[in-house]
Amino acid sequence: MSGRFRAAVVGAALALIAGHDALAAESGLRLRIGHYSTGSGLIGFVIDRMGTPIKLRFDGSAEILALTAEPAPYASMTLKRDDGVSVLRIYETGRVLVFSDKLSGGSADAYHDQDAEPLVVKNATKEQAETAAELLGLRLRRAGAPALKISLDAPRLSDDSAAWSAMADAIAVTGTVLAEMLTSPIAREIIAAKLQRVVIRDADRVDVKLAGDTLIVEVEAREAITGRPSSARLKSAIGDLL
């Protein structure tokens, strides 16, 4: 075998290996982040497994969920919200099962159908977070809670802290929950009668509590997404408190 022919064969082999490695890397990336849909098209979501925690956002929602993984049968793991409800099950084969009361039988297989960008909280300054709180108060008062005001309590955050993005995210999630609850006549009457103020407070824990006529949502502002309650946990806590 001539030197030139040998070099051509080696070059072709290396190109084939490189192509296989690139394909494997791309396949692995598709399993770690992407958009998925059920066969019926009823549910779609983006899942981001590029880091910790695993993050998910359903189509039609701005909320990013932080999911906790737990071992499950048949070489799989179940992903749960912070209220303990199972959202997904992922198998080693790449199969993805989504759980929802919108689905017949409560679950369905979901299939990768699009690439997706990493899920991150939108950047916000202190001024933007404070403006968001003020606008949310106006929105909720118009929706049926006439005395309700939204305020922020974060004295340990500097004016230029990146953690204001997490505060703004907590405002958005809290606003979504309260706005939804106000669509119910019974819940609207209770909120209007019992609440005059909602405080989003930077703390060393995640909690929801009631102090007189004030609802306090405690968040760890330096921990985006995991540092605030999900809308499901928040709604359940508010229902229990009121």
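Note on the range 115-225: enclosed strands (runs of 3 or more DSSP E) holding 1 or more residues that are under 23 Å from Ala237 (Cα atoms), free of Cβ contacts under 8 Å to residues at least 40 places away in the same chain and of a type in the set (D, E, K, R) are 207-211, 214-219. Scanning the range 86-95 for residues that are surrounded by 13 or more Cβ atoms within 10 Å (Cβ to Cβ), more than 17 Å from Ala66 (Cα to Cα) and in contact with a Leu (Cβ under 9 Å, 6 or more places away or on another chain) yields a count of 1.
If you check Ala193, Ala211, Ala147 for being over 22 Å from the mean Cα position of the chain (by Cα), modelled with pLDDT under 95, more than 22 Å from Ser61 (Cα to Cα) and open to solvent by 50 Å² or more (accessible area, probe 1.4 Å), only one passes: Ala193. Scanning the range 214-227 for residues being open to solvent by less than 50 Å² (accessible area, probe 1.4 Å), hydroxyl-bearing (Ser, Thr, Tyr) and under 15 Å from the mean Cα position of the chain (by Cα) gives a total of 0. Within the range 62-102, being of a type outside the set (D, E, K, R) and in contact (Cβ under 8 Å) with a residue 40 or more places away in the chain holds for Ala62, Ile64, Leu65, Ala66, Val85, Leu88, Gly94, Val96, Val98, Ser100. Count of the range 102-133 residues, restricted to those that are loosely packed, with under 14 Cβ neighbours inside 10 Å and either closer than 22 Å to Pro155 by Cα or among the small types (Gly, Ala, Ser) (or both), is 6.
The values are calculated or read from the model by the stated rules, or taken from the named source; none is laboratory data. These figures come from a predicted structure and were not determined experimentally. As a convention, Cβ positions derive from the backbone with ideal geometry for all residues, glycine included, and neighbour counts pool all protein chains shown. Remember, those area values only see protein heavy atoms, side chains included, never the ligands or the DNA or RNA. Shrake-Rupley method; radii C 1.70, N 1.55, O 1.52, S 1.80 Å.
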